[in-house]
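Read the structure below first, then the notes.
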Amino acid sequence: MTELFHPKSMVSETVLDRLLPMHLQIAPDGRVEHVGPTLRKILGKDPAGCQLFDLLSVRRPAGVKTMADLVPLESVRLAITLSHAPSMVLRAAFANVPGGKGAILDISLGLSFAAAVAEYDLNIQDFSPNDQTLELLYLHEANTSTLRLSRSLTEKLQAMHAAAEYQARTDALTGLPNRRSMDRDLDRLLTDMDEEISILHVDLDLFKEVNDTLGHAAGDAVLVEVGRILNNEIRRNDKPARMGGDEFLILLRNMGDLEVAGRIAARLIQKIEQPIFYDGTKCEISASIGIASTTQYAERPTPSDMLADVDAALYAAKHAGRGRFKVHGVEIEEKRAP
Amino acid sequence: MHGLINRALQSFVEVTYGPRIWAEVVSQADLEFDEFQSMLMYPDDLTVRCFEAATNILHRPPSVFLEDLGTFVVTHEPFNPLRRLLRFGGEDFAEFLHSLEELGDRGRLVMPDLDMPDIRVHQEDGQTYEVRARWKMLGAGPMLLGALRAMADDYGALAFCSLAGVNEGWESLKVTLHLDDHSEGRAFSLGGVSA
């Protein structure tokens, strides 16, 4: 029993230990006389006899270095750190004991509660039943769990959303972008930008024959192979799409040169004319291509302008015989395949 | 009904009886999805349909099924966060029993839309307790029975729990606590959660 308590006082060390398990009793000269059991557990030793400011330092308010500095700080919210755990900021309240018998400093875990409880393995009985730290811990833990659940739901929904988006703009058979995707790109490029582009409208020749004689599975295999060729023969920024059936569209970015567009079309026809083997059977097809470029218009064309013109060019190419390309507004050329 | 509760029902069926049984429940209950999401709300009707489909498929009496479900949510390892939150209720099983009255408030503190049963605890004498529960659907009693038995083990207490009838919507349990420190119980440290 320290000198702190009047013999007739209701309060004793035991009572204080029970109600304030993290308090310190300090002699007028700054010597620590007693610490509550939980604080003792945190300190890892009984610091009775130590000087208070060897045990801890006051972070806020600034400049509190001695007992004399503490005396006027009753009912001020103090932020302190213990010397052996300088990164853990705790909260403290200070009170002078009447009659100049010293003082009491009561510490609480403040916002360091989660770290402190884990670090010093504190348990339910280490807290006063009145201490809300337990409820804070409960909330902290519950929040962590629900946050995890929310995050996992969000991730799931995001993945489903991405998969649905992908499906909505992809042709399931060839894996190429579909008509919807191409329409959106054409609209964006022709409306919002002034970049020169060219469009190749590709329609397979003899495809119906493959389908009719070898079956739909062979037809599908041919379409997949054509998709692969289109993907391989264009630059990274260009975009192929399957528009439906045996029709494909290719969008050539930054391409106003119809000579180059024609060479690309000729190369595509040549590649598509290479025999494709399905289940050991040779499938031979070809392709007709219509071409148009934004450079051919006095004003920026709309997507439907360009699609109508490239369609007409494709029709003329077909009409002139298989395996040809035709540039919109230009007389048909001889077949260019080497 | 809150997705957490539906999800618990789903996990219980999947883990205890296998994913094929759950697929059968989904089909018989006519769900339009394969799994419940913990953080979404669902119409109560779906929960009832799943529950009826499950007891029907498994040929289990509803009260037995619910009791097993109650045990499952406390003991199944992935649900450990729930067990830990329950352990915050008290240092020993007796304190925990009393804390059941706060269960609804504690639940709503975390999830305001969580529909928890209303629970009353009455200590009849030194070791006998009457625990009464009322919920928006029948079955809180047997579910609580399973959960309390598991929590008694968790605390290492020797306690006998049994159903004690239904009165005006309140489902009663009788709990006789013989020894609070019968065995080691499961470890619980306040700081034991990984953030």
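The values are calculated or read from the model by the stated rules, or taken from the named source; none is laboratory data. Owing to the predicted nature of the structure, the values given are computational and were not obtained by experimental measurement. Backbone-built Cβ (ideal geometry, glycine too); neighbour counts: all protein chains shown. Remember, those area values only see protein heavy atoms, side chains included, never the ligands or the DNA or RNA. Shrake-Rupley method; radii C 1.70, N 1.55, O 1.52, S 1.80 Å.
Laid out as a table, the results:
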quantity: Qualifying residue in segment A:138-156 (condition: basic (Lys, Arg) and at the interface with chain B (Cβ under 8 Å from one of its Cβ atoms)); calculated: yes
quantity: Some residue of segment A:7-26 being of a type in the set (D, E, K, R) and more than 23 Å from A:GLN125 (Cα to Cα); calculated: yes
quantity: Hey, B:LEU144 under 22 Å from B:HIS76 (Cβ atoms) and either modelled with pLDDT of 95 or more or within 14 Å of another protein chain (Cβ to nearest Cβ) (or both) or not; calculated: yes
quantity: Selection from segment A:93-110 of residues that are touching a residue at least 24 places away in the same chain (Cβ under 8 Å) and under 52 Å from the mean Cα position of the chain (by Cα); calculated: A:PHE94, A:ILE104, A:LEU105, A:ASP106, A:ILE107, A:SER108, A:LEU109, A:GLY110
quantity: Lone qualifier among B:HIS98, B:HIS122 - being over 21 Å from A:GLU141 (Cα atoms), touching an Asp or Glu at 6+ places or on another chain (Cβ under 6 Å) and open to solvent by 80 Å² or more (accessible area, probe 1.4 Å); calculated: B:HIS122
quantity: Among residues of segment B:91-121, those that are within 15 Å of the chain's Cα centre (by Cα), more than 11 Å from every other protein chain (Cβ to nearest Cβ) and either within 16 Å of B:MET39 (Cβ to Cβ) or aliphatic (A, V, I, L, M) (or both), counted; calculated: 6
quantity: Of all residues making up segment B:180-191, the number that are in contact with a Gly (Cβ under 9 Å, 6 or more places away or on another chain) and either modelled with pLDDT of 90 or more or loosely packed, with under 14 Cβ neighbours inside 10 Å (or both); calculated: 3
quantity: Matching residues in segment A:127-137 - criterion: being open to solvent by less than 20 Å² (accessible area, probe 1.4 Å) and more than 8 Å from chain B (Cβ to nearest Cβ); calculated: A:PHE127, A:SER128, A:THR133
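Condition check ((1) assigned to a helix (DSSP H, G or I); (2) open to solvent by 40 Å² or more (accessible area, probe 1.4 Å); (3) away from every other protein chain (no Cβ under 14 Å)) across all residues:
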{"position": "B:MET39", "(1), (2), (3)": "no, yes, no"}
{"position": "B:ASP45", "(1), (2), (3)": "yes, yes, yes"}
{"position": "B:CYS50", "(1), (2), (3)": "yes, no, yes"}
{"position": "B:ALA53", "(1), (2), (3)": "yes, no, yes"}
{"position": "B:ASN56", "(1), (2), (3)": "yes, yes, yes"}
{"position": "B:ARG60", "(1), (2), (3)": "no, yes, yes"}
{"position": "B:SER63", "(1), (2), (3)": "yes, yes, yes"}
{"position": "B:GLU67", "(1), (2), (3)": "yes, yes, yes"}
{"position": "B:VAL73", "(1), (2), (3)": "yes, no, no"}
